[in-house]
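See structure below.
The values are calculated or read from the model by the stated rules, or taken from the named source; none is laboratory data. Predicted model only: the values in this text are computed from it and were never measured. Cβ placement follows ideal geometry from the backbone for every residue including glycine, while neighbour counts extend to all protein chains displayed. Heavy atoms of the whole protein, side chains included, go into the accessibility calculation; ligands, DNA and RNA do not. Shrake-Rupley method; radii C 1.70, N 1.55, O 1.52, S 1.80 Å.
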Amino acid sequence: ISSMTTALTTILGYSAMSGVIGGGGLGSMALNLGYQRRMYIVLYVAVIVLVVLVQIFQSLGTHLATKSDKRLKK
């Protein structure tokens with residue numbers, strides 16, 4: 001579960017970076033609307049959404065990993 005959480009957050013980061021080189025998605029929106037058209041609020045919101053998504057995935061993954069770990073049960 002821990003590895004799946006790491007993979008999920010890595011994929012989220014890669015998908016945001018792929019938007020910069022033409023892959024579409026949240027990274028493309030942040031670059032095209034936020035940076036190039038100087039709508040910086042769009043850029044900031046996109047970054048905040050990405051950070052919140054990573055935090056949710058990490059928290060959920062950590063919670064599931066500790067719940068399923070047999071070594072921690074008494």
*With every protein chain in place, region 1-55: carbon and sulfur % of accessible area (1.4 Å)*: 71
_Surface accessible to a 1.4 Å probe, per residue, for the residues of the chain, Å²_ = 76
*State the answer as a single residue: which of L60, Y14, I48 lies farthest towards the positive end of the charge dipole of the chain, with beta carbon charges of +1 for Lys and Arg and -1 for Asp and Glu, about the Cα centre.*
L60
*Determine the gain in length on full extension of the stretch K70-R38; use 0.36 nm per residue of separation and subtract their C-alpha separation, reporting nm with one decimal.*
6.4 nm
*asked:* From the phi angles alone, apply the Karplus equation (6.51, -1.76, 1.60; θ = phi - 60°) to region 12-20 and give each ³J(HN,Hα) in whole Hz, x where the residue is Gly or Pro.
replied: 4, x, 5, 5, 5, 6, 5, x, 5
*Using a Gaussian network model of the chain whose springs link C-alpha atoms within less than 10 Å, name the residue from L43, L60, L26 with the highest mean-square fluctuation.*
L60
*For T10 paired with S59, estimate the spin-label separation in nm (one decimal), with each label point 7 Å from Cα along the Cα-to-Cβ line.*
2.4
*For region 55-72 and region 2-33, compute the distance between their C-alpha centroids and round to whole Å.*
23
